[in-house]
Amino acid sequence: MAVIAGVDLAWQGNRNPTAIAVGNVADGAIAVTGVFENLHGFDAVASALDSIDRLHGVAIDGPLIIRNQSGQRPCERGVAVAYGARKASCHACNLTLFPASNGVLLGDHLHAAGFGHVAAPGQKWQLECYPHPALIEIFQLPERLFYKKGQVADKRQGQARLASLLLSLAQSERMMLTIGPLFSPYLDPQRIQSLRGAALKHNEDVLDAIVCLYIAALYQAGNSERVFGCTEQGYIYVPQGAC
């Protein structure tokens, strides 16, 4: 069994919140065992990860390595070529836009603690992931799942759809996802339909963190993958194949 985490990271500043999902992965199954939500700033995120006993691997939705002064990182251009037609291109990351990215700070913090970038699953590892193309692969979607933008009703409908897809992974023969009663409210469609404002955003963050946790489980299990870019200029890990 390995203890792993998925992080939906607020890239910059302390205004936007971060969520973390924690789980145990073994024998083709990942069980959610903990959730941190509404974390603000690098210190809060780093402290939460540092508090997880026997943490072995972390998948983070956020740029961990930025070297380019402007434009896009090569990994972002690669993802755009592969998934742009399915509306899953990346935001541009560079030192002009993100001179003090929480992602880079977190990547450096984890590296200092022994978590190597895309290190072998037998070692402590960290990786940058991107939920949109990962969801396309995991669920074989024709295009990106829309649940982040638009009117409140659209966000609710999108979150409910994502929650339904995540719950269907309880039957996956590749990587089964178990979400116990303590965390099931985040995926309850009736509760989602009652949310608005900050509460709806916080729920989205937790769902994204669970997606990152599932990506982490696939990586730990050695499932097929595609890594865009490199650890010198920045990279993005995307699992391949249906779950």
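If you check A170, A119, A160 for being open to solvent by 20 Å² or more (accessible area, probe 1.4 Å), without any contact (Cβ under 8 Å) to a residue 12 or more places away in the chain and hydrophobic (A, V, I, L, M, F, W, C), only one passes: A170.
For the stretch 215-243, which positions are open to solvent by 50 Å² or more (accessible area, probe 1.4 Å), in a loop (DSSP other than H, G, I, E, B) and without any contact (Cβ under 8 Å) to a residue 60 or more places away in the chain? The one that is open to solvent by 50 Å² or more (accessible area, probe 1.4 Å), in a loop (DSSP other than H, G, I, E, B) and without any contact (Cβ under 8 Å) to a residue 60 or more places away in the chain: S224. Of everything listed in (1) under 28 Å from C230 (Cα atoms); (2) open to solvent by 20 Å² or more (accessible area, probe 1.4 Å); (3) free of Cβ contacts under 8 Å to residues at least 60 places away in the same chain, the single unmet condition for M1 is (1). When the test is whether a residue is touching a residue at least 40 places away in the same chain (Cβ under 8 Å), more than 22 Å from G62 (Cα to Cα) and of a type in the set (A, V, I, L, M), V104 does not pass it.
Only residues that are touching a strand residue (DSSP E or B) at 6+ places or on another chain (Cβ under 8 Å), buried (at least 18 other Cβ atoms within 10 Å of the Cβ) and aliphatic (A, V, I, L, M) were counted across the stretch 70-97, and they come to 1.
Scanning the stretch 14-41 for residues that are among the polar types (S, T, N, Q) and either touching an Asp or Glu at 6+ places or on another chain (Cβ under 6 Å) or closer than 16 Å to G57 by Cβ (or both) returns N24, T33. Of the residues making up the stretch 186-214, those that are more than 22 Å from M175 (Cβ to Cβ), open to solvent by less than 60 Å² (accessible area, probe 1.4 Å) and hydrophobic (A, V, I, L, M, F, W, C) are I192, L195, A199, L200. Name, by its number, the condition in (1) surrounded by 13 or more Cβ atoms within 10 Å (Cβ to Cβ); (2) over 26 Å from Q193 (Cα atoms) that does not hold for I136. Going through the list (1) surrounded by 13 or more Cβ atoms within 10 Å (Cβ to Cβ); (2) over 26 Å from Q193 (Cα atoms), I136 breaks only (2).
When you scan the stretch 140-153, do you find a residue that is among the hydrophobic types (A, V, I, L, M, F, W, C), assigned to a loop (DSSP other than H, G, I, E, B), open to solvent by less than 30 Å² (accessible area, probe 1.4 Å) and touching a strand residue (DSSP E or B) at 6+ places or on another chain (Cβ under 8 Å), even just one? Spell out the reasoning first.
Applying the first criterion (among the hydrophobic types (A, V, I, L, M, F, W, C)) to the stretch 140-153 yields 141, 145-146, 152-153.
Among the residues that remain, those that are also assigned to a loop (DSSP other than H, G, I, E, B) are: 141, 145-146.
Those left that are additionally open to solvent by less than 30 Å² (accessible area, probe 1.4 Å): 141, 145.
Remaining after also requiring touching a strand residue (DSSP E or B) at 6+ places or on another chain (Cβ under 8 Å): none.
Checked the stretch 140-153: no residue is among the hydrophobic types (A, V, I, L, M, F, W, C), assigned to a loop (DSSP other than H, G, I, E, B), open to solvent by less than 30 Å² (accessible area, probe 1.4 Å) and touching a strand residue (DSSP E or B) at 6+ places or on another chain (Cβ under 8 Å).
Inclusion of A21 among residues that are within 15 Å of the chain's Cα centre (by Cα) and either open to solvent by less than 40 Å² (accessible area, probe 1.4 Å) or aliphatic (A, V, I, L, M) (or both) is warranted.
The values are calculated or read from the model by the stated rules, or taken from the named source; none is laboratory data. In this text the structure is predicted, and so the values were computed from the model without any measurement. When we count neighbours, we look across all protein chains shown, and the Cβ atoms used for this are built from the backbone with ideal geometry, even at glycine. Calculation scope for accessible area: heavy atoms of the full protein, side chains included, ligands and nucleic acids excluded. Shrake-Rupley method; radii C 1.70, N 1.55, O 1.52, S 1.80 Å.
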